[in-house]
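Below: the structure, in structure tokens.
The values are calculated or read from the model by the stated rules, or taken from the named source; none is laboratory data. As the structure is a computational prediction, the values presented were derived from the model and not from experiment. As a convention, Cβ positions derive from the backbone with ideal geometry for all residues, glycine included, and neighbour counts pool all protein chains shown.
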Amino acid sequence: MLPVIAADPAPLTFDPATTALVIIDMQRDFLEPGGFGETLGNDVTLLQTAVPPIRAVLAAARSAGLLIVHTREGHKPDLSDAPPAKLERGTPTARIGAPGPMGRILIRGEPGHAIVPELAPIRGEVVIDKPGKGAFYATDLGAVLSARRIATLLVCGVTTEVCVHTTIREANDRGYRCVAIGDGCASYRPEFHRVGLAMIAAQGGIFGWVSSSAAEVEALGGAR
Ligand code: C5J
């Protein structure tokens, strides 16, 4: 019998063979002082709440043999994939590409671009580098998922209303069933986190489902 995840607006039956865990942008640049998130004036400690729940789901997903995808937002060192509209926006303390305590801000290969050590990818897991907010834009994520016949995405990471939301919207339009892991997502703005999750499950699940790490771990435990 296929496992079922307790979720809002309704329980969801899923096939582990066609389900992927997608972990969005759990990078030092967003979670640690001195990175991109802090240059924008954010309290980066707020994102730490997502780490233990993601760790728990990641361990369960690894045991259950799910496809695991990690994404990283960032740009090429020459900034050729960073549109001026993104580079020039706002009044950060340091712009994308400028030097910082973790290397150049939001640049691939720099220490700040790395995934936090607690959630570091292991051999065989997919790492998608993306220049935008959505994980499908200008990446081969769609091809990776098609090759594995993936139909359901368990999505977590940061930030809820920006890269997690954009990715779920992109995936929903592409026909994937998306389950946001509520406590495995976080935002610099707690109200945006709360409303962002509510928007996903509203109207009968207009973008997908919202679940929790405990519910996912339980469902994945039954999938082994
Ligand atoms: C942002 C992201 N917030 N990963 N990126 O700029 O959500």
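Checked against (1) touching a Cys at 6+ places or on another chain (Cβ under 6 Å); (2) part of a strand (DSSP E or B), Ile54 meets all criteria but (2). When Thr160, Thr152 are screened for being away from the ligand (no atom under 16 Å from the Cβ) and either modelled with pLDDT under 95 or crowded, with 18+ Cβ neighbours inside 10 Å (or both), only Thr152 passes.
Within this structure, Thr160 passes the test of being under 12 Å from the mean Cα position of the chain (by Cα) and touching a residue at least 24 places away in the same chain (Cβ under 8 Å).
Screening the candidates Leu141, Leu145, Leu220 for the property of being touching a strand residue (DSSP E or B) at 6+ places or on another chain (Cβ under 6 Å) and buried (at least 16 other Cβ atoms within 10 Å of the Cβ) yields one hit, Leu141.
Here the condition is being closer than 18 Å to Cys185 by Cα and surrounded by 20 or more Cβ atoms within 10 Å (Cβ to Cβ); of Ala60, Ala56, it holds for Ala60 alone. Looking across the range 117-133, the residues that are in a loop (DSSP other than H, G, I, E, B) and either within 13 Å of the ligand (Cβ to nearest atom) or hydroxyl-bearing (Ser, Thr, Tyr) (or both) come down to Pro131, Gly132, Lys133. Restricting attention to the range 179-192 and to residues that are within 11 Å of the ligand (Cβ to nearest atom) and buried (at least 21 other Cβ atoms within 10 Å of the Cβ), the residue that is nearest to Ala6 (Cα to Cα) turns out to be Cys185. Within the range 87-107, the residues that satisfy the criterion of being surrounded by 13 or more Cβ atoms within 10 Å (Cβ to Cβ) and in a loop (DSSP other than H, G, I, E, B) are Pro92, Ala94, Arg95, Ile96, Gly97, Ala98, Gly100, Met102, Arg104, Ile105, Leu106. Number of residues in the range 13-48 that are within 15 Å of the ligand (Cβ to nearest atom), β-branched (Val, Ile, Thr) and in a helix (DSSP H, G or I) equals 2. Across the range 108-115, a minimum of one residue is classified as over 16 Å from the mean Cα position of the chain (by Cα), within 15 Å of the ligand (Cβ to nearest atom) and free of Cβ contacts under 8 Å to residues at least 40 places away in the same chain.
Taken together, Thr49, Thr18 contain a single residue that is surrounded by fewer than 21 Cβ atoms within 10 Å (Cβ to Cβ), in contact with a Lys or Arg (Cβ under 8 Å, 6 or more places away or on another chain) and modelled with pLDDT of 95 or more, which is Thr18.
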